[in-house]
Amino acid sequence: MGIFRNRGLTDDEKTRIPPGQHRVEDFPVLHVGSVPYEAAPDDWDFKVWGEIENPTRWSLNELRALPATEVTTDIHCVTSWSKLDTSWKGVSLPWLLGQIQPTADATHVLAHADGGYTANVPLEVLQDDDVLLAYEFDGQDLEPEHGQPLRLLVPKKYFWKSAKWLRGLEFLTEDRLGYWERYGYSNSADPWKEERYAF
Ligand SMILES: Nc1nc2c(c(=O)[nH]1)N[C@H]1C(S)=C(S)[C@@H](COP(=O)(O)O)O[C@H]1N2
Ligand SMILES: [Mo]
């Protein structure tokens with residue numbers, strides 16, 4: 001079956017599907033546990049803390065009032081689907097890092113989501129222009145099952161790093177594994193190197 005799955009792709013599209021992946025047109029929903037809410041609770045907030053000069057808390061309205069960035073990019077799930085040209089709007093991580101000022105000792109970041117899900121990345125990964133705190137997909141507020149009201153978007157990594165229902169980023173002086181990373185998934189998670197598993 002696999003060899004037929006990418007029929008109909010242009011040469012450009014083929015160069016955008018990493019090894020072992022196939023293209024989907026729909027938007028699969030994947031997560032452990034259940035969708036935490038249909039609408040964010042009134043006391044919903046987003047926090048940054050740890051190794052930063054300016055620990056901060058934002059309400060949803062405050063986050064939406066920050067300068068917004070739009071990103072169109074391809075996403076790749078380790079279960080083998082890739083979705084091309086996804087459009088997102090939110091707060092640029094490089095911009096946010098400029099505001100919150102990681103200390104000289106900060107090296108890693110752990111994303112915390114409602115329901116206890118976590119995902120870790122080196123700080124430098126968040127300095128990429130396509131990394132967002134995303135609140136819109138395709139011109140609409142995120143759907144509940146896709147992480148409403150806020151998710152992390154780290155398109156250059158397998159999609160499990162893009163934590164849905166994001167509530168905070170913790171800045172660390174050393175690496176701390178997230179949910180799937182503790183279960184043996186790759187820490188670096190680069191789809192182009194097919195870094196699916198740690199071993
Ligand atoms: N909070 C939370 N975020 C999560 C997950 C999860 O289980 N919980 N699963 C991850 C995985 S494995 C994938 S592939 C993507 C799926 O995002 P989607 O459902 O919007 O396609 O969300 C990621 N973010
Ligand atoms: Mo995934």
Checklist outcome for this item: Rounded to the nearest 0.05, FRET efficiency between TYR183 and GLU145 (Cβ-Cβ, R0 22 Å) equals 0.50
Item to check | Amide hydrogen neighbours beyond the local backbone of ARG167, cut-off 5 Å, H modeled | outcome: HIS112, ALA113, ASP114
Item to check | Computed [θ] at 222 nm, deg cm²/dmol, the chain (DSSP H ≥ 4; -39,500 (n - 2.57); rounded to nearest 500) | outcome: -2500 deg cm²/dmol
Item to check | Beta bridge orientation in the range 43-193: antiparallel %, DSSP, nearest 5 | outcome: 90 percent
Checklist entry - With the dipole of the chain worked out from charges on the C-beta (+1 for Lys and Arg, -1 for Asp and Glu) around the Cα centre, which of SER82, PRO19, ALA104 lies farthest toward the positive end? => result PRO19
Checklist entry - Among the lysines, which fall within straight-line cross-link reach of LYS83, defined as a Cα-Cα distance under 21 Å, with same-chain neighbours fewer than 8 residues apart omitted? => result LYS14, LYS156, LYS157, LYS161, LYS164, LYS193
Next on the checklist: I'd like the projected area of the range 1-76, averaged over all directions, using the convex hull of its alpha carbons. Report it in nm² with one decimal.
Outcome noted: 9.3 nm²
Next on the checklist: Nothing charged except the Cβ atoms of Lys and Arg (+1) and of Asp and Glu (-1): what's the magnitude of the dipole of the chain about its Cα centre? Round to the nearest 20 debye.
Outcome noted: 560 debye
Checklist entry - On average over all directions, what projected area in square nanometres does the chain have, based on the convex hull of its Cα atoms? => result 11.5 nm²
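Here, each number is a calculation from the coordinates, and none is a lab measurement. Source: prediction; values computed, not measured. Reconstructed Cβ throughout: ideal geometry from the backbone, glycine too, with neighbour counts over all protein chains shown.
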